[in-house]
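What follows is calculated from the coordinates using simple rules that are stated; it is not laboratory data. Small disclaimer: the values here were computed from a predicted structure and weren't measured. All Cβ positions, even for glycine, are placed from backbone atoms using ideal geometry, and neighbour counts span all protein chains on display.
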């Protein structure tokens, strides 16, 4: 990466030159500029934001529709309830999400960063509050330089109160996914909330305040791994925010109506608006950079200027490297197709697994200290503890059957009722005449089937052990 | 143990901490020999195998975070054990934390057990909540010998039937669990000899209602009445006060075949039920007693 930042460099004296290896962050005063991409960002961001804020308030069948109940280890998502045993599904979901992100990156680069990433969305909200209290870019720069007076104090404190309010709502909503929101709201306002809930609300409030208020683009630059490995997925046909250097250079100011081509100038009027609007503080004219979050705000700014000076638009645009070099560029290329195909396959497999998921889990714990027991009649008994986990949302009665090479006699209840969400422990014994056994031990399979629904079934293998045969 | 290693660790920790600080502060800047050219990204002057390093500064707050970790380590080493044998100002120990956790769990469950106080064993046996807790306690403490279902096995009594070595009343069961039991069937080889053992065995099959050799059994009766009746009773039904088993029923703790019975007489049997009072305390033993009692009543 080529670093164009030189403010950190200081020279002392003429002979020796000191180079500082740590830089102080240069505050970015992003100018607001309304255009197509900002509107798009707003339209895509608001539904996502509302979804995040309102989802905890939705109730289904008397319980919160999305509720991650950690103490009970039950994860309610809409009409389904997941258990820790289902974490495989979460792993697959995360892999699918990562893969979807890669696919999008191959197609249009880091649009996730510029449009949907919470880091960007919250930073934009905080910038909105900043602008409301402190005014536009120039006013903010002036205010920061101004001495402390009443005007500065009230504007600054207004901004911080606004930030803290947004941060609190964010932190509160986050905790509400783990702690039922209706009770939490009452508890918070009556100061009777549990200490862990208060801690996590405070934690996420502080984190939101810090991340969106102060760290901002630093998170993308120094913390986010996505920015670092995106170059693996980019190729010459990926749509990225690019400056058309051939058309724009050499840049320079010009008089209106002058023949700039004859003066040896390109289309770029060097108004630096693209730099001023950039939320991460880069100059897109230096080419593709790892800091760029593909938000398209520089395109909005440049297009407006191009319109004003009556040049063609798209000096800065979402385009591919190949197009800029006037070579053939194919968006729908085999690489993208392969990604899409793999993604489609994964999504369908995942949906299949989700739809055919059986909310029942059977575990068999065979008594190990007693390999077998001989009854007074000389028969062999094995003892099994069945753990029946009814992961469904309603009570079920299950029929227990056993299958194996022999005709076992089953001792103990063969019909059990397990209430919704219960882990039921059940004892069973299998009995067999040892004379029938052809080997020292044999496999047995316990089969559990709901009496109301035949599809609701699970089986688990165990062993039946008899006297050692020579 | 000598204090050498303690001082060694203290010295190493201090040297490392100071060294880390030095590395941190010494590498904040580099002094260049030449002034970097205008419009060119300066190089740090670091060269490794001909590869030069561009100046690519880290954010300043990273440096502060590094410093914060050093400060944290110093505070930690003062408060907690870490510097050799120095125990730390707070006096924290892993054992102390374990005891604290155990005490916490104890307090929590003691409250649950307290709700069952004042109820008789018979009442508790009918209480579903006590039954569930009892089943867990049984699974954790008893099932390893008596089986998850309490059915016992070779050498370990069945707790679900009506046959009891030391008595099946709630009081008897509670005593058995609390103080344990010790079987005391002695070896009889030196007293009655191998012939006597065979004769007594045949006699046992006679009074138990099984197939037997009449001649041997009648001599066996004399041997039995001389040596065995003091514990097993005149009728062979056993005496629970001694833990002597009933010999005329179908229940044989150490096997019912003639060979197994002979082995029992020949070598004696010393079945041991360990006392549980130290591990479980009274409140848990009461729930266990009610659980075991309820198993035998079904």
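Annotation: extensible slack from residue A:26 through residue A:83 equals 15.8 nm (criterion: 0.36 nm per residue apart, minus Cα-Cα distance). Springs join every pair of Cα atoms under 10 Å in this Gaussian network model of chain B, and among B:37, B:262, B:206 the largest mean-square fluctuation is at B:37. Measuring r between the beta carbons of residue A:141 and residue A:246 and using R0 = 30 Å, the FRET efficiency lands at 0.35. You can think of it this way: the chain between residue A:291 and residue A:95 has 68.1 nm of extra reach, that is 0.36 nm per residue less the Cα-Cα gap. The distance from the alpha carbon centre of the stretch B:192-231 to that of the stretch A:51-70 is 77 Å, rounded to a whole number. For the stretch A:93-135, the Kirkwood radius over C-alpha pairs fed into Stokes-Einstein at 20 °C and 1.002 mPa s yields D = 180 µm² per second.
With a Förster radius of 35 Å applied to the beta-carbon distance between residue B:92 and residue A:363, the computed FRET efficiency rounds to 0.35.
Dimensions of the protein assembly as shown along the principal axes, based on C-alpha atoms and rounded to the nearest Å, stand at 138, 70, 62, largest first. Can you tell me the 0 to 90 degree angle between the C-alpha axis of helix A:87-108 and the longest principal axis of chain A, rounded to 10? For helix A:87-108, the angle is close to 30 degrees. Summarising the overall dimensions of the stretch B:143-223 from its C-alpha atoms, the Rg and Dmax are 17.0, 46 angstrom. Coordinate range of the alpha-carbon atoms in chain B per principal axis, descending: 121, 49, 42 Å. With only Cα atoms counted, the stretch B:1-160 has Rg and Dmax values of 32.2, 96 Å. When you work out D = kT/(6 pi eta Rh) for the stretch B:167-298 at 4 °C and 1.567 mPa s, using the Kirkwood radius from C-alpha pairs as Rh and the Stokes-Einstein form, the result is 80 µm²/s. Using a simple spin-label model with pseudo-atoms 7 Å out from Cα toward Cβ, residue A:226 and residue A:198 lie 3.5 nm apart. Average 1/r across all pairs of distinct alpha carbons in the stretch A:280-354, invert it, and you get the Kirkwood radius: 15.7 Å. Each semi-axis of the equivalent ellipsoid for the stretch A:311-470 is √(5λ) with λ an eigenvalue of the Cα gyration tensor; in descending order they amount to 59, 20, 12 Å. Principal semi-axes of the equivalent ellipsoid, √(5λ) from the alpha carbon gyration tensor of the stretch B:80-195, are 41, 26, 13 Å from largest down.
State the percent of C-alpha pairs, over all pairs in the stretch A:64-116, separated by a distance greater than 12 angstrom. So the portion of pairs separated by more than 12 Å is 71 percent. Annotation: Cα Rg of the stretch A:202-293 relative to the compact-globule expectation 2.2 N^0.38 Å equals 1.48. Among A:346, A:125, sorting on how many other beta-carbon atoms sit within 10 Å of each Cβ, with the fewest leading, yields A:346, A:125. The reciprocal of the average 1/r between distinct C-alpha atoms defines the Kirkwood hydrodynamic radius, which for the stretch B:214-292 equals 15.2 Å. For the stretch A:217-368, the spread of Cα coordinates along the three principal axes comes to 93, 36, 24 Å, biggest extent given first. Specify whether the C-alpha gyration tensor of the stretch A:121-172 places it in the rounded, prolate or oblate class, a ≥ b ≥ c being the square roots of the eigenvalues: rounded for a/c under 1.5, otherwise prolate if a/b is larger than b/c and oblate if not. Cα axes put the stretch A:121-172 in the oblate bin. Sorting B:49, B:161, A:395 from the fewest to the most surrounding beta carbons within 10 angstrom yields B:49, A:395, B:161.
Compared with the dominant Cα axis of chain B, that is its longest principal axis, helix B:170-179 is turned about 50°. When the Cα convex hull of the stretch A:75-157 is projected onto planes of every orientation, the mean area is 9.6 nm².
Evaluated at q = 0.22, 0.24 Å⁻¹, a Debye calculation over the C-alpha positions of the stretch B:1-60 (equal weights, vacuum) places log10 I(q)/I(0) at -0.97, -1.05.
Legend: translational diffusion of the stretch A:134-269 by Stokes-Einstein, Rh = Kirkwood radius over C-alpha pairs, 37 °C, 0.692 mPa s; D = 162 µm²/s. Label point 7 Å out from residue A:405 along Cα-to-Cβ: which residues of the stretch A:433-469 have amide N under 16 Å? Taking a point 7 Å out along Cα→Cβ of residue A:405, the residues of the stretch A:433-469 whose backbone N falls under 16 Å are A:433-445, A:462-469. Per residue, the Cα convex hull of the stretch B:178-227 amounts to 101 Å³. Seen from a random direction on average, the alpha-carbon convex hull of the stretch A:246-300 projects onto 4.2 square nanometres.
Note on residue B:283/residue B:40: beta-carbon distance plugged into 1/(1 + (r/R0)^6) with R0 of 60 Å gives a FRET efficiency of 0.15.
One Cα centroid belongs to the stretch B:21-44, the other to the stretch A:285-336; the line between them spans 36 Å. In the distance distribution for the stretch A:315-359, Cα-Cα pairs more than 13 Å apart total 69 percent. The mean sequence distance of close C-alpha pairs (under 8 Å, at least 6 residues apart), as a share of the length of chain B, puts its relative contact order at 20 percent. By the gyration tensor of its Cα atoms, with a ≥ b ≥ c the square roots of the eigenvalues, what is the shape of the stretch A:35-125: rounded for a/c under 1.5, prolate for a/b over b/c, or oblate? In terms of gyration-tensor shape, oblate. What the pair-distance distribution of the stretch A:386-460 shows, using all Cα-Cα distances binned every 10 Å from zero, is 18, 48, 24, 10, 1 percent. Modelled spin labels at residue B:33 and residue A:151, positioned 7 Å past Cα toward Cβ, are 5.4 nm from each other. Remark: mean inter-chain Cβ contacts per residue of A:17-30 equal 5, using a 10 Å Cβ-Cβ cutoff to other protein chain atoms. Legend: ranking of residues A:396, B:281 from fewest to most surrounding C-beta atoms inside 10 Å; resulting order B:281, A:396.
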